[in-house]
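Report on the structure given below.
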Amino acid sequence: MAVIVAKEIVKDTKEMRGALSEALIARAKDNKNLVYLDADLSSSMSMKNFAKAYPDRYLNVGIAEANMVGIAAGLSATGKIPFTHTFGPFATRRCYDQIFLSCAYGKNNVKVIGSDPGVTAAFNGGTHMPFEDVALMRAIPGCTVVEPTDTTMIGGIIDQIIDTDGLFYIRLKRKTAVKVYEEGSTFTIGKAVTAREGSDVTLIACGIMVEEALKAASLLEAEGISARVLDMFTIKPIDREAVLKAADETGAIVTCENHNVIGGLYSAVADVIVSERLIPVERVGVEESFGEVGPEDYLRKRFGLTAEHIVEKAKKAIVRKK
């Protein structure tokens, strides 16, 4: 089955962390090498069921993230397939050297989960709110960076992550997201999903910003503007073909990300466009800011991560191409 976009984008009934836990438990039944390491966050990531089902393959290393990555690299060297998890800033910034050297440079097969990216950290505040994690992980040679959009996508790509040798960074909202895709949809890591067709401008989004991009496309349609929406859930390696096709067919692009505009999706898309085409590229993302405490809805507005901001940038991009 191909990708089927839901007719109505509504809040999911299942949490993202629950979908991940179910997918890993199901796969662990047939794959004896699959192991899971947590930095004292088993409840936060709904992994108690995994620990109960496979107690010999679940390790809680405590609040010692760098040590967790080192252990994971060692397990990989013995043939295991380790997943590690902690909150996004600690999964990346705090143990970057261990990921870079022990995992990537050492050619070990480790899957790093960084949860609550960007404003989804909400009340955990600025210390737990990574706006730079994608930039860090994109800079590591051979690292694949993915940000699943909803629970359907988690189930649809987990097998590919497990079966593909090498370092992965999985940027994952823990709690409830919206349901963008119908069950049974299939996804390919490295290939963007066309969530909506359009001809005047392309909105390239990832994570929670796919929802905002789809809302923006509807607002633009009401004004007679046709907006394509690409879900670029694989940020590295980016789908160059989809970006160039959008450039040729719509002539204007807006990137939409829950991340610093430096080093994230905007930078990845701009790299493609600058080297291949000459069209306007606008951006919606976090501009030179640290995170702060607040509910997610407030923080989306605070940092300009809304459909209304996307509409504004889309109109600007269209004017620039004329």
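Each reported figure results from applying straightforward, stated rules to the coordinates on display, with no laboratory input. Just so you know, these numbers come straight off a predicted model, no measurement behind them. With ideal geometry, Cβ positions are generated from the backbone for all residues, glycine too; neighbour counts draw on all protein chains shown.
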The range 186-291: relative contact order in percent, alpha carbon pairs under 8 Å with at least 6 residues between: 30
Fully extended, how many nm does the chain gain between ASN33 and ALA270 (0.36 nm per residue separation, minus their Cα-Cα distance)? 81.4 nm
If each K or R counts +1 and each D or E counts -1, the residues other than ALA19 whose Cβ falls under 10 Å of its Cβ total -2
Quick check: net charge around ILE81, other residues with Cβ under 11 Å of its Cβ, Lys/Arg +1 and Asp/Glu -1? +3
If you split all Cα-Cα distances of the range 193-321 into 5 Å bins from zero, what percentages do you get per bin, shortest first? 2, 12, 24, 25, 20, 10, 4, 1, 0
For a label point 7 Å along the Cα-to-beta-carbon line of GLU182, residues of the range 1-28 with backbone N under 19 Å: 1-14
So if the hydrodynamic radius of the range 10-179 is defined as the Kirkwood radius over C-alpha pairs, what does Stokes-Einstein give as its diffusion coefficient at 25 °C and 0.890 mPa s, in µm² per second? 157
Looking at the chain only, what percent of DSSP beta bridges run antiparallel? Nearest 5 please. 20
Order 21-33, 257-269, 213-225 from most to least packed using the mean count of other Cβ atoms within 10 Å. 257-269, 213-225, 21-33
Just to be sure I understand the model, the point goes 7 Å from the Cα along the line to the Cβ. What's the resulting ALA51 to LYS301 distance in nm? 3.9
Förster-model FRET efficiency, 22 Å R0, SER226 and VAL10, C-beta, rounded to 0.05: 0.40
The range 107-236 shape via C-alpha gyration tensor axes, a/c threshold 1.5: prolate
Could you tell me what percent of the DSSP beta bridges with both partners in the range 193-321 are antiparallel, to the nearest 5? 20
Helix 307-321 sits at what angle to the longest principal axis of the chain, using alpha carbons and giving 0 to 90 degrees rounded to 10? 50
Quick check: the angle from helix 16-28's long axis to the longest principal axis of the chain, C-alpha only, nearest 10 degrees? 50
Given that compact globular proteins tend to follow 2.2 N^0.38 Å, what is the ratio of the alpha-carbon Rg of the range 50-93 to that value? 1.18
Isotropic mean projected area of the C-alpha convex hull, the chain (nm²): 15.2
For the range 1-140 the mean separation of alpha carbon contacts under 8 Å (6+ apart) over residue count, i.e. relative contact order in percent, is 20
Tell me, in nm to one decimal, what length is gained between GLU292 and ILE189 on full extension, where the rule is 0.36 nm per residue of separation less the Cα-Cα distance? 33.9 nm
Net charge of neighbours whose Cβ lies under 14 Å from the Cβ of GLY155, counting Lys and Arg as +1 and Asp and Glu as -1: -3
Protection proxy ranking of 4-14, 112-122, 66-76 - average other beta-carbon atoms within 10 Å, highest first: 112-122, 66-76, 4-14
Quick one: helix 209-221 against the long Cα principal axis of the chain, what's the angle to the nearest 10°, folded into 0 to 90? 20
